Amino acid sequence: MALIRILFLMLFARPLARVITGADVIGADNLPRAGPAIIAANHNSHVDTLLLLTMFPVRLIPKLRPAAAADYFLKGPMIGWFSRNVVGIVPVERTKAGTGEDVLAPTREALKGGAIVFVFPEGTRGDASDEIGELKTGVARLAHDVPGTNVIPVWIEGAGRVLPKGARVPVPMNCTVLIGAPLTWTGDRISFMLALREALLALRAEAPPQRWR
Amino acid sequence: MTLSSLLAAAHVRPIAPALAWGMAGVLALLLLGTLAGLALPVLRPKDDHTNLRQRTASWWVMAVLVGAALVLGWGAVMILFAVVSFIALRELLSLAPLRREDRLVVLLAYLVIPANYALLASNLYGIYLVFIPVWAFLVAPFILAMIGQTRAYLSTAATFHWGLMTCVYNIGFAAYLAMAPLTKAPQAGGAGLVFFLLLATEANDVAQYVWGRLVGRRKIMPKVSPNKTWEGFVGGWITTFALMWFLGPFFLPVRGYQLAVLAAALPVAGFAGDVTMSAIKRDIGVKDTSRLIPGHGGVLDRIDSLTFTAPVYFHLITFFAFGRLPWP
């Protein structure tokens, strides 16, 4: 199964990302070379996950685990199989948040096992307006709970135009992935989330204007 | 089976001697560049030579792609240039200010590319001539009007027009030359015409750059392209004119004053294409149109001169040598 995932990502997903987005990466030196690490990115499209999965060297592919909403990505047998085995998601039961259940437990376990987890702190896809939504603090809790976890801020420019929320047909347009310097745990959630937000805004300022006017 | 029968079975035509020599010359230049990239870090260890190495490595990839297409025949050239048109148009439409409502028009603009190249491949030259400049020109603003968003309407229509004309229509002329029959271009065939266009255009880019770096002092248009100088332009013009004047007879069906007009016009067109795209990039606020080609930037950065030289080269040769109209 791991081989199927590698083959799918290398032979299909990577060329697809190249054709429909160009898949430009700025700051690849900041990519983690091992887990545990969190990629914290803005979110406007499923193309975000495609770009993040295909920007890593092949030897790190087994470690890549996008954190994804269980209510969306595990809702049917087909999409569930694809999400688990090919995308390699770690499920987040976001509908159970606030019920007392520890919805971050699977993600925490993945990090402890040395995974590189993708987290979209906005919680859901935005409308590609290039604004950052309110950031949920799960990423801070994970950074605190698993010592040694680097949090890498990533700004993805343009993906919300290729395949926005609700669209079925992708339209090829160039995207750029900007990878910032790793953040480490600051000691408290508020200052950590502020640092993450500042880092994302700084990356956005560096991005080419691949956005709607 | 002999080699020639194998080649015949694969529809690979023998390469004209001039083209083979030309490709060998490019190969020699690439080897020279590679050696320089290896020697410079030893001779001048303090400077950073990453850019030269990247540029040379990218030239290798581009030369191999173009060379392979030219050897394989005009079908491969058409496919290669259609891909180049697609990437260039994608880069332009992604950076130019478009509105959220234009998303599906972007998709339609890409569909113009296969239609454009299919017309060329079918030798429907007359329809090709008007397909983008008339039909796409009229249909695009009509669709934009039907969408109903009038904010920035005119500049949006102009963006689609500009993108289709430069990235698709103008580049199409370069690809179409590959179909020129041997009767029209007996020197080195259609592949030789394409090769010489690309050689002259890229040599002009490099010569203007090198002359500018060596002796450039007087800025030629500081607001658009601050690194361009009169010395670079004139030095590049003389170099390209000389290259075309002396090598042209091996590739082109034009001689004498006709070759002189072509050799004089091409470096000016190359310069014009370069600074026009520079003005667009400066307007948008970017230095490169993407990062696809290490050391060069995007595809559009690489073909900016070609978007102007291709139609100039095509039409001057057609006017002088093909009896006012090309072959079909």
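For this structure, a couple of remarks:
- When each of A:63/B:46; A:112/A:165; A:75/A:165; B:219/B:281 is checked by Cα-Cα distance, pairs over 29 Å: A:63/B:46; A:112/A:165
- Here the range B:75-230 is assigned +1 on the Cβ of each Lys and Arg and -1 on the Cβ of each Asp and Glu. Its dipole about the Cα centre then comes out at about 640 debye.
- Charge dipole of the protein assembly as shown (Cα centre as origin; +1 on each Lys and Arg Cβ, -1 on each Asp and Glu Cβ, all else neutral): 240 debye, rounded to the nearest 20.
- Most mobile of B:68, B:242, B:28 in a GNM of chain B (Cα contacts under 10 Å): B:28
- Each Lys and Arg Cβ is given +1 and each Asp and Glu Cβ -1; about its Cα centre, chain A then shows a dipole of about 600 debye.
- Residues A:137, B:229, B:201, A:21 arranged by fewest to most Cβ contacts within 10 Å: A:137, B:229, B:201, A:21
- Computed per residue of chain A from DSSP H runs no shorter than four, each worth -39500 (n - 2.57), the mean residue ellipticity at 222 nm is -8500 deg cm²/dmol.
- Under the Karplus curve 6.51 cos²θ - 1.76 cosθ + 1.60, θ = phi - 60°, whole-Hz ³J(HN,Hα) for the range B:122-131, x wherever Gly or Pro sits: 8, 6, 8, 4, x, 6, 4, 4, 10, 4
- Chain B: DSSP helices with Cα axial extent of at least 27 Å and average Kyte-Doolittle hydropathy no lower than -1.0: B:17-43, B:50-72, B:74-95, B:103-121, B:189-215, B:230-251, B:256-284
- For the range B:49-321, a/c is not less than 1.5, where a ≥ b ≥ c are the root eigenvalues of the C-alpha gyration tensor, and a/b does not top b/c. That puts it in the oblate class.
- Taking the fewest neighbouring Cβ atoms within 10 Å as the starting point, the ordered list for B:315, B:49 is B:315, B:49.
- Chain A: most fluctuating residue of A:33, A:59, A:14 per GNM, C-alpha cutoff 10 Å: A:59
- GNM flexibility winner over chain B from B:246, B:86, B:271 (Cα, springs under 10 Å): B:246
- Given R0 = 51 Å, the distance between the Cβ atoms of residue B:223 and residue A:11 translates into a calculated FRET efficiency of 0.60.
Here, each number is a calculation from the coordinates, and none is a lab measurement. Computed from a predicted structure; not experimentally measured. Every residue, glycine among them, receives a Cβ derived from its backbone with ideal geometry; neighbour counts consider all protein chains shown.
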